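K.L.:
Just dropping this structure here.
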Amino acid sequence: MIVDGEHTFPGPRQTVWDLLQDPEVLAKAMPGARKLTLTGDGTYAGVIRIGVGPVTAAEWTLNVALRDRVPPESYTMQVDSKGALGFTRGNATVNLDEVEGGTRMRYHADLSVGGKVAGVGQRLLDQVAKMLTKQGLDALNKELESRLRDGGGPGDQAR
Amino acid sequence: MSRTYVGTSPVRNEDRRLLTGQALFVDDVQLPGMLHAAFVRSDHAHALIRGIDASAALAREGVVAVITAEDLGDYWQPGPLLVPPPPIDGIVFNQASQVPLAKDRVRHVGEPVVMVIAESRYLAEDALTDVFVDYEPLDPVVDLEAALAEDAPVIHPQLGTNLAAHVVQRHGDYEAAKTDAHLVINRRFHYDRGAAAAMENRCVAARWDPRAEELTIWDTTQAPIPIRNGLARMLGLLESRVRVVAPFVGGGFGPKIMMFYPEEVLVPWAALRLGRPVKWTEDRQENFFATTQERSQIHDAEIAFSADGKILGIRDFFFHDTGAYDPYGLTIPINSQCTLLGPYDVPAYHSEFRAVFTNRTTVTPVRGAGRQHGVFVMERLLDIAARELGLDPSEIRRRNYLRKDEFPHTFQILFQDFAPLYYDSGNYAPALEAALDIVGRDTFRAEQARARAEGRFIGLGVVSYVEGTGIGPYEGARVTIEPSGQVRVATGLGTQGQGHYTAFAQIVAEVLDVDVDRVHVVTGDTREFGWGTGTFASRGAVVAGSACHEAAVAVRKKVIETGARVLGVPADEVELEDGAVRVRGDHARSMGLGQLAGHANPLRGAVVPGTEPGLEATAYFGPDHGSTASGVHAMVVEVDAETAMVKILRYIVVHDCGKLINPVIVAGQVQGGVAHGIGNAFYEQLVYDEGGQLQNASFMDYLLPTALDVPSVEMAHRETTAPLNPLGLKGVGEAGCIPTGAAFAQAVEDALPHLALEIREIPLSPNRLFELLRDAGPADRAPAAELGGPTAAAAAD
């Protein structure tokens, strides 16, 4: 399954970068996230709860490793998630560009989805992925706006 | 014999039980203290198992046992090779049977890894989520050709290759035949997977009775006796201490054959081990992943013709997907190989296949069992050739049918019964003409043109096929007249809706001249009858039916002999009439069969030396060759050229399964088979992604045809009786679904003569057909000819 698209954050690139590396922010932004903790340099572990269409919501363990980090421009993400209903694994690349009005994030994820969720939820997977991505980006947007309102982060200097 | 039952359709003996809910299905088995099993199954198509942590599951309340491969000890063994490969020169066969639980590697999604046994299915299912299996994913093998590449990941490392088999069979000399060809056609054809989708899923229940020292297993199997024999061996029990009962089963269609599925092997083991009854009922999800499937093959076929449209020879190379394991040997590709030849005179044939392991669910026979593929390839080649030669599709078939004086006919290639492919009897051309008469030989093209003028696209497909049925090795039957005068018939088959309780009763009732409903048939219980193989390959009626007949004839002989003794007249003066023996010409001197049965089992005196007590006999029947059924299917479709939706307007079957035992049961088999075939042609496809993940594992996404999609079949029967069994029977169980895809393809092309459309794949779907229509250029062919009349030879019949 390919999940790709772009989104423009109304804020400076460094602030967006910092936001995207912060487990607390990510835990809040990630739909269904029960917890997310930093377990090492650029590695996160957590638990999320997601259902897909007829597949009842269930808990998934999530391991994410950020690689090839070029702050504040780009990184890749290795995603490994599994639960009783199957698994999702794969890689995603994230690029941040400075554009007029803020920072444009381009993302491209190539995920393999397996088990019950693939067999039964297939025709909804794309929609669910899009919906979850949108929910996540909206939440990140909110978080960014509140950071900027509260006096901004270290990214301000970079501006 | 005054009563005739064979060839009639009495009310079915089993229907009262089925319709009133009194029939026992395996899931109806409820025993005190019964435990329930559920299985942790692989989410991965191909992965190593690095570890399993089942401790949390075991700690859950209500969980009785959590079993991994390690826990099975010596009981962990790959399953038996169910059908060894035929003795073909130069054959390569690499065996890899399924294992009870994956030990170090999983090879398809849905493969069982851990068995959980709990006080209820709910608890067992809950506990599944407690089990942690640590997988290391491996690259999956899905594509048949890529699987054989040098650098492909190997599914069974001990084999060092994904090649499951390589077989070459030849009849005549194709290369020589081709040199004089007027026309040579070469095409690639794809056939993809579908599910058997039986209404009842698999189910196994087992109970160990320590006082009787007997293990009883209720199993939705088509072959209870082989399952009993195998499980007795695996469990170290006497065969006589294992009883396998296959009660009513809601559809078999092949995957319920003697598979020794992991669940089938583990549930009895657990019952024995835990000392409590255990049951497992497959849910539909599991069925999609873990019950065997069929039909992925890729054929590269070439056919050579003379200028007058006679087949000179055929060469076919094909790949056969056997899935993750190959316990059923080569039955399917051998069937494809043999059935391709169809009802035609093919002087030269070179057929070569490679069976390939893939990380998909294991492939074993599903109704048709490879025959579809061969028929599809052959019939498509004929259609393409007919177009090239300017012949009507029916005409090219007429020119190539084997004539009725050419039987028995042998091809020098081995069939699934290990004997040279042998057509015992047949008469093909008249079936085609009968089908065209039903279609409307003189009116169809005019109707088509009229519809066309209204902007409707109507098309006709007419195809032929043969089906090798009724193969050995043997079946048996025991017929007993009880003191009540009622008759009991026991056979070893399993029954899955074929009407055995009636068809076998008809055969016996006719011989013993009693009412059909006084003949009680039991099947599928190894305690009732312990010798035989099972219900598959359209063989039940032919092989077990013949055994029932032979046993009934033996009982009849005993009746006459006992009657002569009791009535005090010579045997040739005794007649059996209306459930009684009587003296010929003196009907007052008679005795009912029940009373006679009492005389055959005396309480005092002695049984006459050299005779056996009771009016009972057991007989076995094993034919030298199967019997070759055949038929013609015609389909009229209407294609919506914009949406690519196809509506089947008419479906015509002219079928020849020899002597009909029960025409209504035969009609039901054909109608059901056609439904299966229509699903296979246009609705049903198991879609796997490149990762080996099944994408449509539910009836929301996997389309089964409904009653609205399947027309009532217009049927005609021909009876070319089989010479190799006493009643002249041929099988009918698979006939309906074998040529359906080929008929569908021809009909859709015929509906759209303005397009250069050539259908070389099955299943189609509206989506896929839409793409084919979109990509098809304009046709440069002449409009369809009249359907034409029979040749003089066929008309003479």
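Only the coordinates and a few stated rules stand behind these numbers; no lab work does. All values derive from a computational prediction rather than experimental measurement. Here Cβ is always computed from backbone atoms with ideal geometry, including for glycine, and neighbour counts include all displayed protein chains.
K.L.:
When we measure straight from the Cα of B:K178, which lysines land under 22 angstrom away, once same-chain ones fewer than 8 places off are left out?
P.N.:
Partners found: B:K310.
K.L.:
Related question: What whole-number distance in Å separates the alpha-carbon centres of segment B:317-332 and segment B:1-68?
P.N.:
The distance from the Cα centre of segment B:317-332 to that of segment B:1-68 comes to 26 Å.
K.L.:
Give me, ordered by chain and number, the residues 5 or more places off B:V466 or on other chains with an amide H under 5 Å from its own placed amide H.
P.N.:
Result for B:V466 returns B:G342.
K.L.:
With θ taken as phi - 60° and the coefficients 6.51, -1.76 and 1.60, list the Karplus ³J(HN,Hα) couplings across segment B:517-525 in order, rounded to whole Hz; mark glycine and proline as x.
P.N.:
7, 9, 10, 9, 9, 10, 9, x, 10
K.L.:
Return the FRET efficiency for the residue pair A:T39, B:Q77: r is the Cβ-Cβ distance, R0 is 45 Å, and the value is rounded to the nearest 0.05.
P.N.:
0.60
K.L.:
Cα convex hull of the protein assembly as shown: mean projected area in nm², to one decimal?
P.N.:
47.3
K.L.:
May I ask for the distance between the Cα centers of segment B:650-673 and segment B:375-449, given as a whole number of Å?
P.N.:
If we compute the Cα centre of each part, the gap is 18 Å.
K.L.:
Using the Cα centre of segment B:176-329 as origin and beta-carbon charges of +1 (Lys, Arg) and -1 (Asp, Glu), tell me which of B:S240, B:G250, B:F319 is placed farthest towards the positive end of the dipole.
P.N.:
So the residue we want is B:S240.
K.L.:
Right, next: When the Cα centres of segment B:198-247 and segment B:755-777 are compared, how far apart do they sit, in Å?
P.N.:
Each part's Cα centre sits 48 Å from the other's.
K.L.:
Follow-up. Can you find, among B:P153, B:T220, B:L183, the residue sitting farthest towards the positive end of the charge dipole of segment B:125-276, where Lys and Arg contribute +1 and Asp and Glu -1 at Cβ?
P.N.:
Positive-most Cα among the choices belongs to B:T220.
K.L.:
Right, another one. If you put +1 on each Lys and Arg Cβ and -1 on each Asp and Glu Cβ, how big is the dipole of chain B around its Cα centre, in Debye rounded to 20?
P.N.:
1780
K.L.:
Just for the Cα atoms in segment B:243-385, what are the lengths along the principal axes, largest first, rounded to whole Å?
P.N.:
73, 31, 25
K.L.:
Moving on. Given the DSSP H assignment, sum -39500 (n - 2.57) over each helix run of at least 4 residues in chain B and divide by its residue total; what's the result at 222 nm in deg cm²/dmol, nearest 500?
P.N.:
Counting only the DSSP helices, I get -7500 deg cm²/dmol.
K.L.:
How large is the charge dipole for the protein assembly as shown, taken about the Cα centre, if only the Cβ atoms of Lys, Arg (+1) and Asp, Glu (-1) carry charge, to the nearest 20 debye?
P.N.:
Approximately 1620 debye in magnitude.
K.L.:
Which aspartates and glutamates, on any chain, are close to B:K730 with Cα under 17 Å apart, when same-chain ones fewer than 8 places away are left out?
P.N.:
Counting by Cα, and skipping residues close in sequence, B:K730 has these aspartates and glutamates nearby: B:D417, B:D424, B:E467, B:E475, B:E550, B:D624, B:D656, B:E719.
K.L.:
Let me ask something else about it. Taking amide H atoms as placed 1.01 Å from N in the peptide plane, list the residues 5 or more away in sequence, or in a different chain, whose amide H sits under 5 Å from that of B:L729.
P.N.:
The answer is B:K659, B:A722.
K.L.:
Charges only on Cβ, +1 for Lys and Arg, -1 for Asp and Glu: so what's the dipole of segment A:2-149 about the Cα centre, in debye to the nearest 20?
P.N.:
For this selection, approximately 580 debye.
K.L.:
Treating cross-link reach as a plain straight distance, find the lysines whose alpha-carbon is under 23 Å from the alpha-carbon of A:K142, omitting any fewer than eight places away in the same chain.
P.N.:
Straight-line reach from A:K142, under 23 Å: A:K28, A:K35, A:K130, A:K134.
K.L.:
Pop the C-beta distance of B:E61 and B:D104 into the FRET formula with R0 = 30 Å and round what comes out to the nearest 0.05.
P.N.:
That gives a FRET efficiency of 0.45.
K.L.:
Relative to the compact globular guide of 2.2 N^0.38 Å, what is the alpha carbon radius of gyration of segment A:2-149, as a ratio?
P.N.:
Rounded to two decimals, the normalised Rg is 1.02.
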